[in-house]
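Below is one structure, written out as structure tokens; the observations come after it.
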Amino acid sequence: MSDIDQWNLNDKIQYWKKDPGDKDSMRVLFSSEEYDILDAVYQFEIFDRAVTERLEKAKLTGSISETFIRVEEEAEISVLLKERFMRQMDILLEKGTAEAWIEIMIWYSLLEEEKLIVEDFWEFPALRTMIDIFMKELNVFLEKGGASRISILSLHNMQELTDAYFKVIFLCRRIEYGVEPVDEIIEYIEKKQFSDTFIRAIIQTAQIFNEEKVISIIEEWCWK
């Protein structure tokens, strides 16, 4: 574990993967919140192996109760993991930096790799979309030599992130169907100072059928 002070988050996670049961080393490498996420992931792995063995035995005895037990126990661990994960997301979002968002991407990728993203928890799809937005805004920022704004950095916790995600979707659908004054919608977008990259990315993932109409109206009011 030489030069651990120079390791980035990805280096540390790769080390964890080699021996996830080494709790002492993990407590040195990670913050308590980070350790809690990895501990929950490890618990899930242990649980999955144990239940798989139990199900194999159940097949031999003809018992179906193990299937229901697995669903209940899996739900409990999933909730635990989600709570710990979102706690760390709040810590990173509060920093409001591109570096913090890169760590968010690393944590999300870990859960994807471990197949632990639960789509039923609506925070995960929202975060997935916001990660895509961050990457697009970062690319524009770099292409313009730092002359553009990464507007997603203004979201400082998961509550703000999910509120913005669902609010923009709701307002864009209102624009699509013409059921709310456009100026009220535009006022929200301008107040939050979301970039056109931000708005376009959400429109593209929000199942808005008349994207051209919505974008043209927002362009006329906000992006003249």
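Key figures for this structure:
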read-out: Yes/no for Glu56 being at pLDDT below 80, among the acidic types (Asp, Glu), touching a Lys or Arg at 6+ places or on another chain (Cβ under 6 Å) and assigned to a helix (DSSP H, G or I); value: no
read-out: Qualifying residues in the range 189-224 (those that are aromatic (Phe, Trp, Tyr) and within 24 Å of Pro125 (Cα to Cα)) - the one most open to solvent (accessible area, probe 1.4 Å); value: Phe209
read-out: The range 1-43: number of residues that are open to solvent by 30 Å² or more (accessible area, probe 1.4 Å) and part of a helix (DSSP H, G or I); value: 19
read-out: Residue list for the range 157-188, restricted to those being surrounded by fewer than 16 Cβ atoms within 10 Å (Cβ to Cβ), under 30 Å from Asp90 (Cβ atoms), at pLDDT below 85 and touching a helix residue (DSSP H, G or I) at 6+ places or on another chain (Cβ under 8 Å); value: Tyr188
read-out: One residue from Ile104, Ile133, Ile117 being at pLDDT 95 or above, touching a Phe, Trp or Tyr at 6+ places or on another chain (Cβ under 6 Å) and surrounded by 15 or more Cβ atoms within 10 Å (Cβ to Cβ); value: Ile133
read-out: Looking only at the range 138-154, and only at residues there that are touching an Asp or Glu at 6+ places or on another chain (Cβ under 9 Å) and open to solvent by less than 70 Å² (accessible area, probe 1.4 Å), the one that is nearest to Glu123 (Cα to Cα); value: Ile152
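The values are calculated or read from the model by the stated rules, or taken from the named source; none is laboratory data. Remember, it's a predicted structure, so these values are computed and weren't measured experimentally. Cβ sites come from the backbone with ideal geometry, for glycine too, and all protein chains shown count toward neighbours. For accessibility, only protein heavy atoms count, side chains too; no ligands or nucleic acids. Shrake-Rupley method; radii C 1.70, N 1.55, O 1.52, S 1.80 Å.
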